[in-house]
Amino acid sequence: MKRFNITAAALAAAATTASAGGLDRSYTAIDPLFEAGNYAELSFGFTSPDVTGSDLLGNQISNVADSYITAGAALKIDFNEKLSMALIYDQPYGADTLYGGNPAATLLGGTKAEVKSHGLSALVRWQFSDRWSVYGGPRFVNAEGEITLSGGAYGPRSGSNFRFASTTGTGYVIGGAYEVPEIALRASLTYHSTVDLSMSTTETIAGPGGGTFPTTTSTKTPESWELAVQSGINQNTLVFGSIRYAKWDNFTLTPPAFGQNLASLDDVTTWELGVARRFSDKFSGSIAVSYEDTSGDDLVSPLGPTNGQTGITVGGKYAINDQLDLSAGVRYTMLGNGIPQTANTARGSFRDNDAISVGMKLGYSF
């Protein structure tokens with residue numbers, strides 16, 4: 001069976017969704033490592049979420065999630081038939097949350113979270129037999145952010161602000177794959193380690209004993225595991241699926257002067273199942289359904305007031321010539337209902353929310 005790559009079509013050029021589990025945005029994909037020959041790609045995604053609700057005082061909460069753009073790039077080089085390397089850039093974590101309303105008359109008005117990140121993985125793959133390979137390498141993550149606690153839910157601490165300066169930490173990626181090229185079968189298991197971050201922090205704490213304190217906040221990104229499988233079922237059709245688990249419940253963000261965790265998040269399991277079809281030598285398309293479940297109850301952080309999601313992605317890939325191809329796709333995501341809480345006390349309700357994502361990817365083989 002002649003192989004054809006489903007990654008771009010199936011994932012619609014990494015068209016990610018808003019308010020994914022924890023702070024995940026890119027899911028740290030390693031797919032470029034499996035491209036045939038030398039390969040480079042650029043990808044862009046745009047997500048427009050609609051996340052509205054109300055607080056327990058009866059105040060309506062307008063959309064708290066801002067639209068955002070994600071970008072990615074990769075370069076994969078073959079050294080010989082058995083050894084290759086890939087450099088993969090992504091923007092793995094993010095948040096753009098802002099609650100409107102008067103802080104004196106609402107429970108969460110003025111609460112804000114902004115998180116930006118960049119990731120770079122340098123992976124080496126060794127194919128030690130026709131069907132088995134292993135891969136791994138270091139991963140570098142840079143992150144920065146700002147959080148404001150505002151509204152009646154925070155009592156005398158309303159108005160507190162925390163600025164986390166840009167910092168970089170190092171972790172690693174390791175995995176293995178089994179392939180049968182004749183039937184386009186590939187199964188891969190990938191582990192991403194935690195990345196320790198030590199961020200210079202400016203804490204501006206409101207209320208009794210408050211003030212401005214320069215401190216250092218230590219945190220770590222979540223470790224994750226992903227099992228991904230694809231297989232051809234005839235000359236022109238592939239089925240594919242994946243299971244990804246991210247351990248967010250160990251993630252904390254506790255500025256030392258404030259002494260409380262600002263981001264309590266649950267572990268997340270993401271499932272995906274889809275089918276890809278080659279309609280001609282130049283065009284292939286795909287459709288995939290994803291489901292994301294979180295552990296625990298519906299109580300969530302106000303900084304990410306949804307709980308789980310279900311999405312459908314439709315994508316297409318067009319071969320411009322023998323070396324260049326263009327992929328594009330769209331994803332609709334139904335975001336799960338969430339109950340924002342502080343001090344384990346419900347403060348509102350978010351229901352029936354969704355997001356639209358579009359993405360494009362340009363791939364070049366050389």
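Considering Leu98, Leu83, Leu57, Leu107, which residue is farther than 27 Å from Thr167 by Cβ, in contact with a Lys or Arg (Cβ under 7 Å, 6 or more places away or on another chain) and at pLDDT 95 or above?
Details: Leu98 fails: farther than 27 Å from Thr167 by Cβ; Leu83 fails: in contact with a Lys or Arg (Cβ under 7 Å, 6 or more places away or on another chain); Leu57 fails: in contact with a Lys or Arg (Cβ under 7 Å, 6 or more places away or on another chain).
Just a single option satisfies the conditions, and that option is Leu107.
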**Prompt:** If you go through region 238-250 one residue at a time, do you hit one that is more than 20 Å from the chain's Cα centre (by Cα), over 19 Å from Pro92 (Cα atoms) and open to solvent by 60 Å² or more (accessible area, probe 1.4 Å)?
**Reply:** no
**Message:** Could you check region 24-63 and list, in sequence order, the residues that are over 22 Å from Ala177 (Cβ atoms) and among the polar types (S, T, N, Q)?
**Reply:** Thr47, Ser48, Thr52, Ser54, Asn59, Gln60, Ser62, Asn63
**Message:** Let me spell it out: the conditions are (1) touching a residue at least 24 places away in the same chain (Cβ under 8 Å); (2) in a strand (DSSP E or B); (3) open to solvent by 30 Å² or more (accessible area, probe 1.4 Å), and Ser264 meets all of them except one. Which number is the exception?
**Reply:** (2)
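Report yes if Ala177 is open to solvent by less than 20 Å² (accessible area, probe 1.4 Å) and not in a strand (DSSP E or B), otherwise no.
Working: open to solvent by less than 20 Å² (accessible area, probe 1.4 Å): yes; not in a strand (DSSP E or B): no.
Against the criterion (open to solvent by less than 20 Å² (accessible area, probe 1.4 Å) and not in a strand (DSSP E or B)), Ala177 does not qualify.
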**Residues that are among the charged types (D, E, K, R) and open to solvent by 50 Å² or more (accessible area, probe 1.4 Å), drawn from region 23-76** = Asp50, Asp66
**Asked** For region 225-256, which residues satisfy the criterion of being under 14 Å from Ala288 (Cα atoms) and in contact (Cβ under 8 Å) with a residue 60 or more places away in the chain?
**Response** Gln230, Leu238, Phe240
**Message:** For a quick check of your reading of the model, give me the residue pairs whose first member lies in region 345-364 and is surrounded by fewer than 24 Cβ atoms within 10 Å (Cβ to Cβ), whose second is among the polar types (S, T, N, Q) and not in a strand (DSSP E or B), with beta-carbon atoms closer than 7 Å and at least 6 apart or on different chains.
**Reply:** Arg351/Asn337; Tyr364/Gln323
**Request:** Looking for whichever is in a strand (DSSP E or B) and either touching a residue at least 60 places away in the same chain (Cβ under 8 Å) or surrounded by 20 or more Cβ atoms within 10 Å (Cβ to Cβ) (or both) here; the options are Thr204, Thr216, Thr270, Thr212. Which one fits?
**Result:** Thr270
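Does Leu185 satisfy being of a type in the set (A, V, I, L, M), farther than 30 Å from Ala113 by Cβ, under 28 Å from the mean Cα position of the chain (by Cα) and open to solvent by 50 Å² or more (accessible area, probe 1.4 Å)? Walk me through it before giving the result.
Numbers: of a type in the set (A, V, I, L, M): yes; farther than 30 Å from Ala113 by Cβ: yes; under 28 Å from the mean Cα position of the chain (by Cα): yes; open to solvent by 50 Å² or more (accessible area, probe 1.4 Å): no.
Here the answer is no, as Leu185 does not meet what is asked.
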**Prompt:** Leu120: aliphatic (A, V, I, L, M) and in contact with a strand residue (DSSP E or B) (Cβ under 6 Å, 6 or more places away or on another chain), yes or no?
**Reply:** yes
**Message:** So for region 151-170 (the condition being open to solvent by less than 10 Å² (accessible area, probe 1.4 Å), farther than 30 Å from Gly101 by Cβ and either out of contact with any helix residue (DSSP H, G or I) (no Cβ under 7 Å at 6 or more places or on another chain) or of a type outside the set (Phe, Trp, Tyr) (or both)), does at least one residue qualify?
**Reply:** yes
**Message:** Let me confirm something: among Glu179, Glu223, Glu272, which residue is over 25 Å from the mean Cα position of the chain (by Cα) and acidic (Asp, Glu)?
**Reply:** Glu179
**Of residues in region 219-229 being in a strand (DSSP E or B) and among the polar types (S, T, N, Q), the one surrounded by the fewest Cβ atoms within 10 Å (Cβ to Cβ)** = Thr219
**Request:** Return the residue satisfying two criteria in turn: it lies in region 85-109 and is farther than 16 Å from Ser301 by Cβ, open to solvent by 10 Å² or more (accessible area, probe 1.4 Å) and not aliphatic (A, V, I, L, M), and of such residues it is nearest to the chain's Cα centre (by Cα).
**Result:** Gln91
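Name the strands (runs of 3 or more DSSP E) wholly inside region 277-366 in which the number of residues that are in contact with a Phe, Trp or Tyr (Cβ under 8 Å, 6 or more places away or on another chain) and among the β-branched types (Val, Ile, Thr) is 2 or more. Walk me through how you get there before you give the answer.
Working: elements: 283-294, 309-319, 324-335, 339-342, 348-350, 353-365.
Filter on region 277-366 gives 309-319, 339-342, 353-365.
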**Request:** Go through region 279-310 and give me each residue that's under 12 Å from Val268 (Cα atoms), surrounded by fewer than 16 Cβ atoms within 10 Å (Cβ to Cβ) and of a type outside the set (Phe, Trp, Tyr).
**Result:** Ser295, Gly296
**Item:** Of residues in region 320-330 being surrounded by fewer than 18 Cβ atoms within 10 Å (Cβ to Cβ) and of a type in the set (A, V, I, L, M, F, W, C), the one nearest to Gly359 (Cα to Cα)
**Value:** Val330
**Message:** When you scan region 245-261, do you find a residue that is at negative phi and assigned to a strand (DSSP E or B), even just one?
**Reply:** yes
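The values are calculated or read from the model by the stated rules, or taken from the named source; none is laboratory data. Computed from a prediction, not measured in an experiment: that's the story for all the values here. Cβ sites come from the backbone with ideal geometry, for glycine too, and all protein chains shown count toward neighbours. These accessible areas exclude ligands, DNA and RNA; they are computed on the full protein's heavy atoms, side chains included. Shrake-Rupley method; radii C 1.70, N 1.55, O 1.52, S 1.80 Å.
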